[in-house]
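Have a look at the structure below before the remarks.
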Amino acid sequence: MPGKVPKIGTFSDWVGLFNEWRKEVGVDHSQIKDFQFDTLYGTIETEEIQFGYYKGRRKWENMRQIPTQNMRDALMNLIVYQGDTEFASVEQQRWLFESAPSDYDRSSLTRVMIEEMRHGWQMCALLIEFFGDTGKVEAKKMLDRRAYENKRLLGSFNEECDNWLDFFAFTDFVDRDGKFQLQMLKYSAFAPLGRSMSYMLKEEAFHMGTGNTGLARIAEAGVVPHWLMQKYLNKWISSSYDLFGTDHSSSAQWAYTWGLKGRYDEPANANPPDLEDLNDYNRHLYRDECATLVKRISAAQKPGNDELYCPDIKFNRNIGRWKGQLFHPKTGQPMEEKEYREQFETWMPTAADKKLLLDIIGSEKKWIAPRNARDPLLTIGEVRKNAINAVQ
């Protein structure tokens, strides 16, 4: 039957499809092919549920212990969305190897891709082990969707990421959203999901560091105009705001009430949660962190450049209360439509901006400052030595 998803019998069946997917999307280079992918479980801080209606009870180890089918469905949905982002980012960045500014950067990209694939592997292992035939179908579909066909589940993961300024901004800010999501899932009442997060968080830290140091190196070199860097910050940070979900989300309310997903600062936050505002609460924490990082990147610029800024949380939003509304990216002030439309191309990358950027990258050998550090592929396994109870 056309469109029917074949069944997966075992996890080994899925691994075969995973290997086929790597070949199809073009990420089966020798260094990636030689990597041993594993399903890794760390420990969790407590065996007790930490928030929600079931607070104080023992965390669940399997589906039979989860009280209702609605809760099991919501849990599976969280895992599906997380896994989908991992494979999507690999598809988005797959063509960057040939244009890497240095051997170090090529190794960094390789490591990022390996670890993103391992994260997707981990989520699919959960689906197949705990969610029966439905989980197997979802794990298969994870390898069927394509970012370059605009079929991934979240908007940022269908965007083009085909140059190294894109890559560094993506890994700094979109992967930072990933860190927030992973940390919130680490508190989950479903213990196998929480145990999956320790290693994923440690691996995610390298991705964010790659992006942040990469942007600082570009700012330090001073070849890419600061206004062009600002446009790419606006693009990826505003897109990341949407990844936290809609305001007043009933899904977020139930996920918290059922103990499936906590607030980012859950253990340290003694205040009762505002269930109507969970997504936006975490979104503001994220924005505060990004603002601090952008200031550091800006400080690396040569004297005389305007300060780089983190775009206002209301700018260029495609979901939630600010969807379709018009705000200045720097000041957050509301704007009239005519003025906004006239200025929009001064804030976000255009086709001409992309051409200019590619010309700079292609012709200016010193467009990015060098990075003197160990080959990241030599240290890829070190995160496994100290991932227990990792909080980034």
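Please treat every number below as a calculation from the coordinates, not as lab data. Keep in mind that this is a model prediction, so the values were computed, not measured. Positions of Cβ are backbone-derived with ideal geometry, glycine not excepted, and every protein chain shown enters the neighbour counts.
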Assigned charges on the beta-carbon of Lys, Arg, Asp, Glu; the chain dipole about Cα centre (debye): 520 debye
Residue-wise HN-Hα coupling along segment 39-49, computed from phi with Karplus coefficients 6.51, -1.76, 1.60 (Hz; x: Gly, Pro): 8, 10, 10, x, 9, 10, 4, 8, 8, 9, 5
Bins of 5 Å, starting at 0 and running to the largest distance - Cα pair percent for segment 110-173: 4, 16, 17, 25, 19, 10, 6, 2, 0
Folded to 0 to 90 degrees: helix 278-299 orientation relative to the chain principal axis, Cα: 40 degrees
With Cα atoms, 0 to 90° folded angle of helix 103-130 axis to the chain main axis: 20 degrees
Fully extended contour minus Cα-Cα distance, from ASN77 to GLU149, at 0.36 nm per residue: 23.8 nm
Cα-derived Rg over Rh, computed across segment 236-287 with Rh taken as Kirkwood radius: 0.96
Residue with peak Gaussian network fluctuation, the chain [Cα springs, cutoff 10 Å], from GLY52, GLY132, GLY155: GLY132
Ellipsoid semi-axes in whole angstrom, largest first, where each is sqrt(5λ) of the Cα gyration tensor of segment 278-378: 30, 21, 14
For segment 18-125, with +1 on Lys and Arg beta carbons and -1 on Asp and Glu, the positive-most of THR68, CYS124, LEU78 along the dipole: THR68
Helix axis angle, 351-363 relative to the chain longest principal axis, alpha carbon, degrees: 80 degrees
Spacing of the two label points (7 Å from each Cα toward its C-beta) at GLU345 and LYS323, in nm: 2.8 nm
Helix-only mean residue ellipticity at 222 nm for the chain, each DSSP H run of n ≥ 4 adding -39500 (n - 2.57), per residue, nearest 500: -16500 deg cm²/dmol
Extension gain, GLN69 back to LYS7 (0.36 nm per residue minus Cα-Cα distance, nm): 20.1 nm
Scattering curve values for segment 183-275, log₁₀ I(q)/I(0), Debye with Cα scatterers, q = 0.13, 0.18 Å⁻¹: -0.66, -0.97
Lys/Arg +1, Asp/Glu -1 at C-beta; segment 319-382 dipole; positive extreme among GLY324, TRP367, PHE344: TRP367
Relative pair counts by distance (%), Cα atoms of segment 63-144, 10 Å bins: 18, 40, 23, 13, 5, 0
Inverse of mean 1/r across different Cα pairs in the chain, Kirkwood, Å: 21.8 Å
Residue with peak Gaussian network fluctuation, the chain [Cα springs, cutoff 10 Å], from VAL27, VAL90, VAL137: VAL137
GLU337-LEU377 pseudo-label distance in nm [points 7 Å out on the Cα-to-Cβ vector]: 5.3 nm
Cα-based Kirkwood hydrodynamic radius, segment 127-248, one decimal, Å: 16.3 Å
Taking the convex hull of Cα positions in segment 1-110, its mean projected area over all directions (nm²): 11.0 nm²
Distance between modelled label sites at PHE97 and LYS365, nm, 7 Å Cα→Cβ extension: 2.5 nm
Segment GLU48-GLN31, extension gain: residue separation times 0.36 nm, minus the distance between their alpha carbons: 2.1 nm
